[in-house]
1. Name the residues whose placed amide hydrogens come within less than 5 Å of the amide hydrogen of Tyr207, ignoring near sequence neighbours (fewer than 5 apart) on the same chain.
2. Using the Karplus curve 6.51 cos²θ - 1.76 cosθ + 1.60 with θ = phi - 60°, work out ³J(HN,Hα) for each residue of region 126-134 in order, rounded to whole Hz, and write x for Gly and Pro.
3. Name the long-range amide H neighbours of Cys202: under 5 Å, sequence gap of 5 or more, or other chain; modelled H, no Pro or chain starts.
4. Amide H to amide H, which residues 5 or more places from Ala74 or on other chains are under 5 Å from it, using H placed in the peptide plane?
5. Calculated FRET efficiency, Thr71 and Gln253, Cβ-Cβ r, R0 51 Å, to nearest 0.05?
6. Take peptides 225-232, 245-252 and line them up by average Cβ neighbours within 10 Å, highest first, as a rough protection proxy.
7. Where Lys and Arg each count +1 and Asp and Glu each count -1, what net charge lies around Ala129 among other residues with Cβ under 15 Å from its Cβ?
8. What does the charge dipole of region 52-127 about its Cα centre add up to, to the nearest 20 debye, if the Cβ of each Lys and Arg holds +1 and the Cβ of each Asp and Glu holds -1?
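The values are calculated or read from the model by the stated rules, or taken from the named source; none is laboratory data. Treat the numbers as computed from the prediction; the structure is a model and nothing was measured. Note that we place each Cβ from the backbone using ideal geometry, even for glycine, and neighbour counts take in every protein chain shown. Just the protein is used for accessible areas: all its heavy atoms, side chains included, with ligands, DNA and RNA removed. Shrake-Rupley method; radii C 1.70, N 1.55, O 1.52, S 1.80 Å.
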Amino acid sequence: MKRFGYPSLRHTTLLYLTDMVRKKSIIRIVALFGICSTAVCTEAQQGLQSQLFQGDATLNAAAVSDQAHITPGARGPHVQKIQTALVRLGAAIDTTELLERFYGPSTANAVLYFKQQRDIINRSFQTQADNIVGKMTIARLDSEMQEYEKPSPPSPLIVPPPPPQPPVNPNPPDPRPEWERGIWSPDKKFIGPGLAPPSIGCSRKWYCNPKTQMIIGGDERIEATPPEVIGGQCLAGTGPIKSCNECLTPPPQTQCVFRIIKK
């Protein structure tokens with residue numbers, strides 16, 4: 001006996017999936033049905049837009065699925081990316097948790113403080129912020145990382161005051177050239193946690209260099225803003241857990257200027 005007016009469950013599901021594919025809702029299909037072919041996963045990983053989070057399937061899943069939220073006790077590269085974002089935004093996270101890529105107590109506290117400061121609360125069932133990275137949290141982190149990754153506009157050039165003028169010389173030397181804006185460049189080497197204070201984790205020296213390669217004569221030298229040592233956080237990077245293969249340090253906030261003078 002035929003049934004009229006009521007499509008089968010299989011037919012209804014097929015129509016729903018077809019409509020979602022037509023609307024390019026690939027991430028939602030993965031979240032609802034667990035489909036993860038290579039082609040689908042590749043497109044699902046295009047959800048988050050910041051350079052830090054882009055292409056991470058675990059974080060993209062957390063952005064669309066309640067079951068994929070990142071909770072305390074988690075480990076892995078996706079946890080390291082969340083920690084990196086929080087550190088860039090000013091959070092202090094235990095060095096051991098950073099090295100182990102572990103969502104421990106200090107990471108959980110950093111997430112809670114981040115959410116409290118931005119009033120990230122799901123008011124349908126919450127009255128206060130928690131320490132879980134869910135849809136709203138990962139979306140806000142991704143948005144702030146996009147702003148963080150934008151190149152900052154150049155700050156006004158602050159030129160040091162000129163040195164006191166010597167007495168008038170009947171045969172004055174050539175005038176010293178004007179100061180030019182330079183760029184801070186980090187030293188490839190850094191001081192690991194074994195030599196830096198525990199509260200810092202690691203440190204790196206930054207040098208003031210010309211923005212472009214310059215050729216100077218044998219009787220000339222570059223006079224520049226003195227180098228600065230900046231403290232940062234140890235990260236394992238692509239190395240083994242509990243290693244310090246990367247040192248995340250921001251560039252100095254001071255001005256960087258140089259000029260070419262006679263020796």
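1. Ser185, Asp187
2. So the Karplus estimates, Gly and Pro as x, are 10, 10, 8, 5, 10, 10, 10, 8, x Hz.
3. Gly232, Cys234
4. Tyr103
5. The pair Thr71/Gln253 has a calculated efficiency of 0.90.
6. Working: 225-232: 15.6, 245-252: 17.5.
Sorting 225-232, 245-252 by mean packing, highest first, produces 245-252, 225-232.
7. With Lys, Arg at +1 and Asp, Glu at -1, the neighbours total +3.
8. Approximately 140 debye in magnitude.
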